[in-house]
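All remarks here apply to the structure that follows.
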Amino acid sequence: MMRRLASYSFILAVGLSIVACKPDQPAAIRQPVFQDVSFQQDYSKKYTTTDSTLVLNHVGTDRNGVVQILSSQGLLHPYAGESLYPGTLVADRSFRPLQNKKIRAFATYRQQLVYLDDKAVSGCPTGWGATWVLSAQPTPLNLNPEHVG
């Protein structure tokens, strides 16, 4: 009896495996497969200030992704923000010569930040390897005909 049950079980297992391994169904019967297409999605990070009287004037970035914000209290940069966790804006102390200057404005020139203070236009050395300063003091123009060329 046990031997007969084992042989029936074996025949049933072989039969099921043959049925399960039959060739694919025709294309008309198969379900379509969804093809996932990648895309770029915009996102934002929130940064707050600890001082409610702070006025934010300008935001800029250089080719290295360094973000700086010009505020009423000087240069700031974002700190510790992620997509779902807000960060803060803290004083930017990454370039020591700019700490004592009163930055009035800044812009991007050749993908590097250039700063305007009350005395000069200066560039940060991270992009060019050296600082350069253009004085705001005008040079006198000599209109003497003997010197005109």
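The values are calculated or read from the model by the stated rules, or taken from the named source; none is laboratory data. Note that the coordinates shown come from a computational prediction; the quantities given were computed from them, not determined experimentally. Cβ: placed from backbone, ideal geometry, glycine included. Neighbour counts: every protein chain shown.
Key figures
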{"read-out": "Segment 41-63: number of residues that are in a loop (DSSP other than H, G, I, E, B), of a type outside the set (A, V, I, L, M) and out of contact with any Gly (no Cβ under 8 Å at 6 or more places or on another chain)", "value": "9"}
{"read-out": "Which numbered condition Tyr85 misses (of (1) aromatic (Phe, Trp, Tyr); (2) at pLDDT 90 or above; (3) in a strand (DSSP E or B))", "value": "(3)"}
{"read-out": "Of residues in segment 70-82 being part of a strand (DSSP E or B) and under 15 Å from the mean Cα position of the chain (by Cα), the one nearest to Tyr115 (Cα to Cα)", "value": "His77"}
{"read-out": "Members of segment 93-124 found to be assigned to a strand (DSSP E or B), in contact with a Leu (Cβ under 7 Å, 6 or more places away or on another chain) and crowded, with 17+ Cβ neighbours inside 10 Å, listed by number", "value": "Ile103, Phe106, Tyr115, Val121"}
{"read-out": "Where a residue in segment 29-57 is over 27 Å from Pro78 (Cβ atoms) and touching a residue at least 60 places away in the same chain (Cβ under 8 Å) and its partner, wherever it lies, is among the aliphatic types (A, V, I, L, M) and not in a loop (DSSP other than H, G, I, E, B), with Cβ under 8 Å and at least six apart", "value": "none"}
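Rundown of residues vs (1) among the β-branched types (Val, Ile, Thr); (2) out of contact with any Asp or Glu (no Cβ under 6 Å at 6 or more places or on another chain); (3) at negative phi, yes/no style:
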position	(1), (2), (3)
Val55	yes, yes, yes
Arg63	no, yes, yes
Leu70	no, yes, yes
Gln73	no, yes, yes
His77	no, no, yes
Glu82	no, yes, yes
Phe95	no, yes, yes
Leu98	no, yes, yes
